[in-house]
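Engineer: Got a structure here, written out as structure tokens. Questions coming.
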Amino acid sequence: MRRRQVLAGAASVLVTPALAQQGDALADAVREFTGGAAVQRGRVKLDIAPLVDNGNVVPLAVTVDSPMTATDHVSAIAVFNEKNPQRDVARFSLGPRAGKAHVTTRIRLATSQKLTAVARMADGSWWSDTVDVVVVLAACIEGDG
């Protein structure tokens, strides 16, 4: 029994940093986009089905509560994922002439994961929304061979 305890303890030491890195990858991607600025929850609505049958084509929409005037508008929207090979899903540039802070696209999801949408406002503030998505049939992941 003692040998199993030692092996289990050693395995947990080896596995824990890898899991921690995976969990931090989403936060790191957001931090890189915002330049480390504080991000507040609210004003952003990430609209995606919570249960996706097929990860190959997943529709999503992002709406930001903004009047889209010359002084108060959304200047950028970005969407990030937790577990796809590339964390940066999509980036959009907007301005007051857009009239509405609403974007849509279709993405691929490798597996069930969190998605975060971040919006940069003209006043320099950052807002976000995060959702969990369960993927039944994962999209293909490119491998090494």
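Engineer: Quick check: from the Cα gyration tensor, does the stretch 46-145 come out rounded (a/c under 1.5), prolate or oblate?
Structural biologist: prolate
Engineer: Estimate the FRET efficiency between Ala25 and Arg97 by the formula 1/(1 + (r/R0)^6), using the beta-carbon distance for r and 30 Å for R0, to the nearest 0.05.
Structural biologist: With R0 = 30 Å, the Cβ-Cβ based efficiency is 0.30.
A short reminder: the numbers here are calculations on the coordinates, not readings from a lab. Keep in mind that this is a model prediction, so the values were computed, not measured. Methodologically, a virtual Cβ is constructed for each residue, glycine included, from the backbone with ideal geometry; neighbour enumeration extends over all protein chains shown.
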